[in-house]
Structure formats: C-alpha cells, structure tokens
Amino acid sequence: MKIYSAAQIYEAINQTIEKNQITSNDLMEFAGTQIFNWFHTRMQGAQVPIHIYCGIGNNGGCGLVLGRQLLHHGYNVHIYIVNFSTKRTKDFLINYDRIKEFKVWPRLLNSGEEFPEMHRDDIIVDAIFGIGLNRETSDWVKDVIKYINASEAYTVSLDVPSGLYPDHGPEDKEAVIESNYTLTSQAPKLSFFLPETGIYMQQWEAIDIGLDQEYLRTTETEVQLIDKFEVLPLYIPREKYVHKGSYGHSLIIGGSHGKIGAVTLASSACLRVGAGLVTAYIPACGYQIVQTSLPEAMVLCDANEKHISDISFEIEPKAIGIGVGLGTEKMTVKALEGFLKQNTHPLVVDADALNMLAANPKLLKLIPKHAIFTPHPKELERLIGAWEDDFGKLAKAKAFAKKYNIIIIIKGAHTITIYDSYVYINNTGNPGMATAGSGDVLTGMLTGLLSQGYEPLKAALFGVYLHGKAGDIALSGLGYQALIASDIVDFIGDAYLDLFKQPEEPSAEAEE
C-alpha cells in the first residue's frame, strides 16, 4: 500500500476536484458521509453521547458534515468549535451554516472558558486539525487536547490525531490527541508507524474519500506499507525436478564462547526458509553444540577455541550471513577485515559485525553493493550517529544506505527496510518478538532467501514479512511474554502456507 505525503494528498484532492468538475465542498460532503457510514454501521442508532470537537479548517468542516448526518439520524450529538483563530476556510463556513438548519448552534470554545462535561463512557470525535496543522499549538488549545486525553472517553480522530503531523514529529508531545481509532483519508500516514509518533493511536483504518484513482495509482511514493499482497508476487515457488543444490548453500558466520545459540538459531531459520544447504562457521567451542542441536547443518570451525580469529573456507556459498553472536575481539575485527577484502558473495550483516563496522568505518568501503544490514536502533545509532527524532533517523539512514549502496533493515515494531531513497514499512510482527534471538532468526531467513536466488531487496522485504508473520502465528496460545525466538523458527512453514490461504467463505447461517 502506498503511503502518500501530505503534499501528494493535497494534489490528489485538487486533481479530483478538477477532473470531476466538483467543488471542494462536494468532496468534503462525500468524505463526511463515508465517515458517518462507518459510525452508523457500528452504532446502529445507540444513544451514546458523541462529542465532536471541530477546528475551523477543513478537518473541522468534515467534522460538521459528520455531526449533521448523525443528527439527521437521531444520534445524541454535541458539537464544539475550537475557536483558535479568526480565519475560517470556505468549506468550514458552508457546513457551519448547514448544521444550523437543524436548529443546532455548535458551542464556541474560546480561551479561558470552562470545558464541556464528558464521561468516560462517551465517544469523542477529534476533528480539530487534521494534516493541515502548520504551526505550534497555542497553550489553551493544548489544554483542550489534554482535557480530551484525560477524559478516558473513546476517541476517534479524523485523518490524523490532532497535533500530529504526517511527515515530521510534533513540537510538543503533550499537545497531541491520544486516539483510540483514527479514520484516515484514503491511506495511512508515515507517522502512524514510527515509535515516537505511532504511540498516539491504537488502531487506524483508511477511509475511501473519493480521491482520483488514476492519480493514486500512477503517483510514485517514497514510502510503502508492506503486507501479504505486496510480498506474494515476490515468492519463488519450488520446482519439481530440483535438488538441494538448486536452492543454494548458505554460510552463517558467527558465535563466540557463550553465544553459540545465536548461530544455531540463524542456521535453523536459514534451513526453514528453504536454503538447500547450510554451513555454520564458528569457533571450536561450538562444534558439539551445533552438531547436536541442529543435525541438518554442517559445521566449519575456527582454530581458536572461544572466538573467530580467521575466516577462511573452501566451500562456495551462494549467500553469507555474518555477525550473530560474533563478539568484537581484536582478532575477530582482523578476521572480519580479511573476509571482507576477499568476499564476493551476497551478504547479510548483523549484530557484532555491525558494531565492528561502526567502530572501524574504513571497513565500510569493503562492503559489497546491495548487502543487507539488520541493525536494531542502538546498532543503527553507532553506524549513522544520533538523531533528533524518528524522521531524522530515517533521513540519516537513507543517506547512509545511498552512500554505500546497501539495504538497511531497522528492526523493531513495524520493521523498516530502506534502500536508496525508498522506505518500506512492514505490517507483520508483534511485541512478543522483542526477545533474545529474534534478530538472529531474521538474519538466517534473509541469508536463506538470498541463497535461493532472491534479489537482495526482494529478499529483505519478503524475509521481514515472513519473520513477522511467523511470529504472529506462533503467538497463538502463547501470549507475548512466552514467545521465544525458536518459536518463530518453528512457524516459518506456517507463514509460507498463510501466503496462499484464502479468506473463509461465510457460512450458510451467517448468510441467512
């Protein structure tokens, strides 16, 4: 799914109006009606008090359209105008006049006035700002927002939670609506998926507000949301007349004394995702551990007992994953440098290999193009430096990826893949995956996909999706706290099967 910038949404609105020879208010009426249909389908006339807080721009105008239609259908509606400026948009004024036809005069909220009485069992509709906010919120409007948040009433925001920007972070983190549900126009916004801004909403849903489909279809966006329908075309099916060599030999390089489990997890995930052969390259202390715990894998051992001191092998892998549990000993840094100088294979770089690159930036020049880096946030900070907010983090990560012609996967909730100037946001995964070894599993999966012939960017997108989906399926019956990394490995097969799972047909009873 494409994620449009605010500028692109405004352009889509203008083109829709021009192409269909309609007014901007016609489009607002359609959008407000779509939002009303969402409420009406769920509430079915229930007389729960609905408090609509409208700004004085087009988001507020849409709130007035919703309020008028709710009143027309007999709902218990209270409408307030957050009167933060003397300027009003034309479409706001049109709908302000229309609602008065119901003998309803919305209450003007001005600075210093007492706020309306509300209860936690009520519903609040936030239509104060939308994506049109272009300045810092005044103190008294901030107090309105804090009052709404403190009410504990179920809050539905129109387009974006008021105070939140679609393309950059808020100036004041206390001046943002904490939305239970956000009904966003046409497509979600980038800020919905970043740690510092995604916390302001629990759920979102895209509402079709009638924007021109040709424009939406043909407009390229820098950001995409990746789900099943985006990754399904990337899948490479297994053929009948093949053998294990057809799906590549993967090499997992890592491990140190006490951290051999990382290699075991990565190697197991590599096999589960479909690699034909897997070899683990480890220090000698891990030989029996890997051979016993994962009989399907082959093992090559460094001469050093506890740490990798040299990386040399005679096999010809199709892809290599390096870094899991590796450690950052001086001998290991030297071994990494020697390896990078000779390596010509597709590469996944994780964990301590990333830390060594961050500490020795000259080694970055040895990284092959289209290598996949898989940092968690702290590892990323060591590589690219500190950032002010999540939008700054993305900007710096894009510049870094472009400079070295690599793919960066920023692990976390809604894991983000970056290549060139493009951002791909994953829509699978859950908080239970914040557990030791989850990243090692991802490294193994990515290496296994590369060895099967997936192009690096496709391997990254497909692997991140499968990793999250396996975690989602594994969660059933466990709960967040009980999920461990090996559970993710166990459900990789189910994640593959889910790609082709058809939606269940409604039962005859349901149809009746």
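Each residue in the stretch 352-384 was checked for being buried (at least 17 other Cβ atoms within 10 Å of the Cβ) and acidic (Asp, Glu), and 2 of them qualify.
Residue by residue, here is whether (1) within 17 Å of Ile207 (Cα to Cα); (2) in a helix (DSSP H, G or I); (3) over 34 Å from the mean Cα position of the chain (by Cα) holds:
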| site | (1), (2), (3) |
| --- | --- |
| Phe30 | yes, yes, no |
| Phe39 | yes, yes, no |
| Arg42 | yes, yes, no |
| Arg68 | no, yes, yes |
| Ile79 | no, no, yes |
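Within the stretch 198-226, the set of residues being closer than 21 Å to Thr428 by Cβ, buried (at least 18 other Cβ atoms within 10 Å of the Cβ) and at pLDDT 95 or above comprises Trp204, Val223, Leu225, Ile226.
When each of Arg98, Arg68, Arg120, Arg88 is tested for being modelled with pLDDT of 95 or more and of a type outside the set (A, V, I, L, M, F, W, C), the lone residue that passes is Arg68. I'd like to know if the stretch 240-258 contains one or more residues that are under 20 Å from the mean Cα position of the chain (by Cα), surrounded by 15 or more Cβ atoms within 10 Å (Cβ to Cβ) and in a loop (DSSP other than H, G, I, E, B). Among the residues of the stretch 240-258, not one is under 20 Å from the mean Cα position of the chain (by Cα), surrounded by 15 or more Cβ atoms within 10 Å (Cβ to Cβ) and in a loop (DSSP other than H, G, I, E, B), which makes the answer no.
Pick from Glu220, Glu205, Glu230: which is in a loop (DSSP other than H, G, I, E, B) and either in the same structural domain as Asp352 (by TED's automatic domain parsing) or charged (D, E, K, R) (or both)?
Glu220
Scan the stretch 463-491 for residues that are surrounded by 24 or more Cβ atoms within 10 Å (Cβ to Cβ), of a type outside the set (Gly, Ala, Ser) and within 20 Å of the chain's Cα centre (by Cα) and the total you get is 6.
Residues in the stretch 335-351 that are more than 25 Å from the chain's Cα centre (by Cα), crowded, with 21+ Cβ neighbours inside 10 Å and not hydrophobic (A, V, I, L, M, F, W, C): 1 in all. Leu366 passes every criterion in (1) under 22 Å from the mean Cα position of the chain (by Cα); (2) at pLDDT 95 or above; (3) more than 22 Å from Gln452 (Cβ to Cβ) apart from (1). Every listed requirement among (1) touching a helix residue (DSSP H, G or I) at 6+ places or on another chain (Cβ under 8 Å); (2) small (Gly, Ala, Ser); (3) assigned to a helix (DSSP H, G or I) is met by Ala150 save one, (1).
Has the stretch 369-378 got at least one residue that is out of contact with any helix residue (DSSP H, G or I) (no Cβ under 9 Å at 6 or more places or on another chain) and either of a type in the set (S, T, N, Q) or closer than 19 Å to Glu316 by Cα (or both)? No, every residue in the stretch 369-378 fails to be out of contact with any helix residue (DSSP H, G or I) (no Cβ under 9 Å at 6 or more places or on another chain) and either of a type in the set (S, T, N, Q) or closer than 19 Å to Glu316 by Cα (or both). Quick check: anything in the stretch 110-132 touching a strand residue (DSSP E or B) at 6+ places or on another chain (Cβ under 8 Å), touching a residue at least 60 places away in the same chain (Cβ under 8 Å), acidic (Asp, Glu) and surrounded by fewer than 20 Cβ atoms within 10 Å (Cβ to Cβ)? There is at least one residue in the stretch 110-132 that is touching a strand residue (DSSP E or B) at 6+ places or on another chain (Cβ under 8 Å), touching a residue at least 60 places away in the same chain (Cβ under 8 Å), acidic (Asp, Glu) and surrounded by fewer than 20 Cβ atoms within 10 Å (Cβ to Cβ). Counting only helices (runs of 4 or more DSSP H) that sit completely within the stretch 408-512, those holding 1 or more residues that are of a type in the set (Val, Ile, Thr) and under 23 Å from Leu234 (Cα atoms) correspond to 438-451, 456-475, 485-490, 492-498. Which of the residues spanning the stretch 40-53 are surrounded by 13 or more Cβ atoms within 10 Å (Cβ to Cβ) and either without any contact (Cβ under 8 Å) to a residue 40 or more places away in the chain or charged (D, E, K, R) (or both)? Answer for the stretch 40-53, where residues must be surrounded by 13 or more Cβ atoms within 10 Å (Cβ to Cβ) and either without any contact (Cβ under 8 Å) to a residue 40 or more places away in the chain or charged (D, E, K, R) (or both): His40, Met43.
The residue that is nearest to the chain's Cα centre (by Cα), among those in the stretch 292-334 that are surrounded by fewer than 17 Cβ atoms within 10 Å (Cβ to Cβ) and among the acidic types (Asp, Glu), is Glu296.
A single member of Phe84, Phe36 is closer than 24 Å to Lys189 by Cβ and in contact with a His (Cβ under 9 Å, 6 or more places away or on another chain), and it is Phe36. Based on this model, can you work out whether Phe229 counts as crowded, with 21+ Cβ neighbours inside 10 Å and out of contact with any Leu (no Cβ under 6 Å at 6 or more places or on another chain)? No. For the stretch 413-436, filtered to residues that are within 23 Å of Phe229 (Cβ to Cβ) and among the small types (Gly, Ala, Ser), the residue that is surrounded by the most Cβ atoms within 10 Å (Cβ to Cβ) is Gly429.
Regarding Lys87, is this residue part of a helix (DSSP H, G or I), basic (Lys, Arg) and on the phi < 0 side of the Ramachandran plot? So Lys87 fails the test. Comparison of Ile94, Ile56, Ile79, Ile99 shows that the only residue that is over 27 Å from Ile17 (Cα atoms) and of a type in the set (Val, Ile, Thr) is Ile79.
The values are calculated or read from the model by the stated rules, or taken from the named source; none is laboratory data. Just so it is clear, the structure is predicted and the values come from calculations on it, not from any experiment. Note that we place each Cβ from the backbone using ideal geometry, even for glycine, and neighbour counts take in every protein chain shown.
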